[in-house]
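The values are calculated or read from the model by the stated rules, or taken from the named source; none is laboratory data. The model shown is predicted, which means the values in this text are computed figures rather than measured ones. Glycine gets a Cβ as well: all are built from the backbone with ideal geometry, and neighbour counts include every protein chain shown. Remember, those area values only see protein heavy atoms, side chains included, never the ligands or the DNA or RNA. Shrake-Rupley method; radii C 1.70, N 1.55, O 1.52, S 1.80 Å.
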Amino acid sequence: MKKHLLFLCIAIALAGAVPGSSFELSDISVEGVIYCRCNLAGYAARVDASPLSGIVASLKCDGGNYRTLVNATTDYSGYFQVSAKVIKKYVGYYCSVYVLSSPLSQCIVPSQLTFAGKGSKLIYEQEVPGVGSQYSAGLMLIGPSSSASCHV
């Protein structure tokens, strides 16, 4: 009985390593925009925030025995893009984007930074030839509760 159970466990574990199985790694690309709730260059009244370059965003996927952690830095428009190989079936549930750091101290709110924050879940957008599955982390707002609280 124990030998059969051991064999079954090994067979299930190996199934994830077999090409064509549902645990195969896939290429994904994730993009998003991070704004700081301060009145800076490019201020957007609609969201009461401004784009900020140099914010470090991290794609973290943590499901099962496979973990992915890839960082990207925002450009002048607050945009970031990161690519990674992940177990595709886990993306929606186990992957999020987190803000790790900001070059502006007013845009740092410890509860929002690092992996202590809730992060932004990924939203599937489309398949892109040569890139893989495209996901969005959407617009992420960091900093004080409003731009009126930000003194730069």
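Numerical summary
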quantity: Per residue solvent-accessible surface (Å²) - region 28-70, probe of 1.4 Å; calculated: 44
quantity: Largest-first ellipsoid semi-axes for region 33-142, taking √(5λ) over the Cα gyration tensor eigenvalues, angstrom; calculated: 25, 16, 11
quantity: Contour excess over end-to-end distance, with Cα ends at residue 85 and residue 71 and 0.36 nm allotted per residue; calculated: 3.7 nm
quantity: Ordering of 128-135, 45-52 by packing [mean C-beta count within 10 Å, highest first]; calculated: 45-52, 128-135
quantity: Proximal charge balance of residue 27 [Cβ under 13 Å; K/R count +1, D/E count -1]; calculated: 0
quantity: Label-point separation in nm, residue 128 to residue 25, each point 7 Å along Cα→Cβ; calculated: 2.0
